[in-house]
Amino acid sequence: MLSRKNKLLLLKSLSLFSIVRGYNILMIALAQYLASIYILGHQLPLRKVVFDLNLFIIVLSSALVIAAGYIINSFYDSEKDLINKPRKSMLDRLVSQRTKLSAYFVLNFVSVLFASYVSFRAVLFFSAYIFGIWFYSHKLKRIPFLGNLVSATLAISPFFAVFVYYKNFEAVIFVHAMFLFLLILAREMIKDMENMAGDMAQNYKTVPILYGAKYSKICISLLVAITLLPALLLIYYFDVGYMFLYFIGSIILLILFLVLLWKSKSKKHYVWLHNILKFIIIVGVFSILLIDINLVLNRII
């Protein structure tokens, strides 16, 4: 049996993991590595990519900055989350605001310190990334449209870091990035509809609060319609191996998403829509393996 002190320590550890969304960070790190192996550094030997210390440090620094970003976001949104996510918020509150701030500064400092091993440009990138996350959490997230755009941009920034490292400027990479960016942007706008109660209570000026649910649905529908374009390009114009099956499945799910969007009326419905987009993004990470299912075996040999 655990003592009371150990139980409290375990609960605080779970609370910190919940705040930094460890599962999301692990998924982003995996996506960075898979993108490096199959897309960005596909011309390099597998071992050179997997055991590249510079790549590992970039991924690690990204993870630390993202964790710090979730912490500062939780710090600013603590009151709003009590309304929107009461159960998660109660767990998160086991970690004090002071501890959150301390962890935020430590994680950011360590991330920049690690980045200095790679290059001065890496230090500049991660410093700008840290500032961007803070400025978004402190100011920009309250601004309709701009807050959503910045949030989606920050979400794909870890991939931009790897992209710059490999200096691979193939067109297919930009199309992949556009598909992901549009999906994340649509998800951010769905989250605004999902969190309307808390946003309204904290005087957040989001799109659905300022212009109404119908206007938000029109914007989201346009975003999803535009997302179909890079998906179709990746199916018919670029060689993505068997990953074309993923994009076909994504198109079907996005059409279903649009149908359900216009039938949705409550927070429960918006949560389901959010989960559909999240599912497409997560499956997309593992679907990178379909670009060339024999690639790993061939490059090991």
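Which one is surrounded by the most Cβ atoms within 10 Å (Cβ to Cβ), of the residues in the range 261-280 that are β-branched (Val, Ile, Thr) and modelled with pLDDT of 95 or more? Even if it seems obvious, please write down each step before you answer.
Just the residues of the range 261-280 that are β-branched (Val, Ile, Thr), to begin with: 271, 276, 280.
The next check asks that each one be modelled with pLDDT of 95 or more; those that pass are 276, 280.
On the way: Ile276: 18, Ile280: 22.
For the range 261-280, the residue satisfying everything is Ile280.
Among the residues of the range 85-119, those identified as at pLDDT below 70 and assigned to a helix (DSSP H, G or I) are Pro86, Arg87, Lys88, Ser89, Met90, Leu91, Asp92. Pairing residues of the range 76-103 that are over 13 Å from Leu16 (Cα atoms) and of a type in the set (Phe, Trp, Tyr) with residues that are surrounded by fewer than 17 Cβ atoms within 10 Å (Cβ to Cβ) and modelled with pLDDT of 65 or more, at Cβ distances under 9 Å and at least 6 apart in sequence or on separate chains, gives Tyr76/His138. Taking each residue of the range 113-128 that is touching a residue at least 12 places away in the same chain (Cβ under 8 Å) and looking for partners that are part of a helix (DSSP H, G or I) and among the polar types (S, T, N, Q) with beta-carbon atoms closer than 6 Å, six or more apart or interchain, yields Phe114/Ser61; Ala115/Ser61; Val118/Asn54; Phe126/Ser61; Phe126/Ser111. Every listed requirement among (1) in a loop (DSSP other than H, G, I, E, B); (2) under 19 Å from Tyr246 (Cα atoms); (3) aromatic (Phe, Trp, Tyr) is met by Phe169 save one, (2). Just one residue in the set Tyr165, Tyr215 is touching a residue at least 12 places away in the same chain (Cβ under 8 Å) and hydroxyl-bearing (Ser, Thr, Tyr); that residue is Tyr165. Take Phe126 and tell me if it is under 16 Å from Ile28 (Cβ atoms) and modelled with pLDDT of 90 or more. Here the answer is yes, as Phe126 does meet what is asked.
For the range 217-224, the count of residues that are more than 26 Å from Val172 (Cβ to Cβ) and under 20 Å from the mean Cα position of the chain (by Cα) is nonzero.
For the range 185-242, a residue qualifies if it is under 21 Å from Leu253 (Cα atoms) and of a type in the set (S, T, N, Q), and the qualifying residues are Ser216, Ser221, Thr227.
Criterion first (buried (at least 20 other Cβ atoms within 10 Å of the Cβ), among the aromatic types (Phe, Trp, Tyr) and not assigned by TED's automatic domain parsing to the domain that holds Ile71) does Phe126 satisfy it?
no
Among the residues making up the range 131-149, a single one is free of Cβ contacts under 8 Å to residues at least 60 places away in the same chain and not in a helix (DSSP H, G or I): Lys139.
Filtering the range 150-161 for residues that are surrounded by 21 or more Cβ atoms within 10 Å (Cβ to Cβ), assigned to a helix (DSSP H, G or I) and over 15 Å from the mean Cα position of the chain (by Cα) leaves an empty set.
Within the range 225-260, how many residues are buried (at least 19 other Cβ atoms within 10 Å of the Cβ) and either within 13 Å of Leu290 (Cβ to Cβ) or free of Cβ contacts under 8 Å to residues at least 40 places away in the same chain (or both)?
First, pick out the residues of the range 225-260 that are buried (at least 19 other Cβ atoms within 10 Å of the Cβ): 227, 230-231, 234, 240, 243, 246-247, 250, 254, 257.
Adding the requirement that they be either within 13 Å of Leu290 (Cβ to Cβ) or free of Cβ contacts under 8 Å to residues at least 40 places away in the same chain (or both) leaves 234, 240, 243, 246-247, 250, 254, 257.
Matching residues across the range 225-260 total 8.
The values are calculated or read from the model by the stated rules, or taken from the named source; none is laboratory data. In this text, all values refer to a predicted model and were calculated from it rather than measured experimentally. Using ideal geometry, Cβ is built from the backbone for each residue, glycine included, and neighbour counts are taken over all protein chains shown.
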